[in-house]
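K.L.:
My questions all concern the structure below.
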Amino acid sequence: MRTAFMAYLTGSIEAVDFYCKAFNTISQNCFKASDDDNFYAHAEIVINGQTILGISEKSCYKTEFMNGNNMQFWVTFDDEESIAAAYNILKEQGEVHYPLASCEWCLLLVDVTDKYGVRWMLNVF
């Protein structure tokens with residue numbers, strides 16, 4: 001079994017580029033509903049060969065999506081350089097809840113909500 005998460009955002013094309021830069025990775029399966037669209041109906045962020053995040057433009061759905069604090073993406077990194085690079089990008093125009101620092105249960109921890117309203121917990125054990 002594999003797990004991936006979906007994020008419903010405004011500015012999906014920019015968001016995909018933002019997350020690929022933050023995690024030094026690629027996107028795949030990026031589709032627009034029509035050639036004239038300036039957003040993705042669906043796109044995927046792939047890390048180490050595994051899709052971890054799907055992104056869709058909010059306007060593609062009749063559902064009212066609201067940013068909240070009831071869900072957080074948790075990503076464990078293998079090294080300090082990778083977590084620092086991701087943190088420095090994700091915090092741009094975002095809200096830092098816990099800055100890059102050690103804590104009692106891991107070497108480094110970050111808790112940040114990015115500019116798209118997605119909350120991330122990043123760590124290195």
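We did not get these values from a lab; they are worked out from the coordinates using the rules stated. Keep in mind the model is a prediction, meaning the values are calculated, not measured. Positions of Cβ are generated from backbone atoms using ideal geometry, with glycine treated the same way; all protein chains shown enter the neighbour counts.
K.L.:
Name the residues in the range 60-88 that are free of Cβ contacts under 8 Å to residues at least 40 places away in the same chain and crowded, with 17+ Cβ neighbours inside 10 Å, would you?
P.N.:
Listed by number, the list holds a single entry, Tyr87.
K.L.:
I've got another one for you. Across the range 107-125, what is the total count of residues that are surrounded by 12 or more Cβ atoms within 10 Å (Cβ to Cβ) and more than 15 Å from the chain's Cα centre (by Cα)?
P.N.:
So the answer is 4.
K.L.:
For the range 94-125, which residues satisfy the criterion of being more than 15 Å from Phe23 (Cβ to Cβ) and in contact with a helix residue (DSSP H, G or I) (Cβ under 7 Å, 6 or more places away or on another chain)?
P.N.:
Leu100, Leu108
K.L.:
To continue, here is another question. Go through the range 12-24 and report how many residues are buried (at least 17 other Cβ atoms within 10 Å of the Cβ) and either in contact (Cβ under 8 Å) with a residue 40 or more places away in the chain or in a loop (DSSP other than H, G, I, E, B) (or both).
P.N.:
Looking only at that region, the number is 5.
K.L.:
Only residues that are touching a residue at least 60 places away in the same chain (Cβ under 8 Å) and either over 17 Å from Ile89 (Cα atoms) or in contact with a strand residue (DSSP E or B) (Cβ under 6 Å, 6 or more places away or on another chain) (or both): list them for the range 102-125, please.
P.N.:
Listed by number, the residues that qualify are Tyr116, Val118.
K.L.:
Where in the range 33-93 are there strands (runs of 3 or more DSSP E), lying wholly inside it, with at least 1 residues that are hydroxyl-bearing (Ser, Thr, Tyr)?
P.N.:
Qualifying strands (runs of 3 or more DSSP E): 50-57, 73-77.
K.L.:
So in the range 31-59, with the set limited to residues that are over 26 Å from Asn69 (Cβ atoms) and crowded, with 16+ Cβ neighbours inside 10 Å, which one is nearest to the chain's Cα centre (by Cα)?
P.N.:
Only one residue fits best here, namely Val46.
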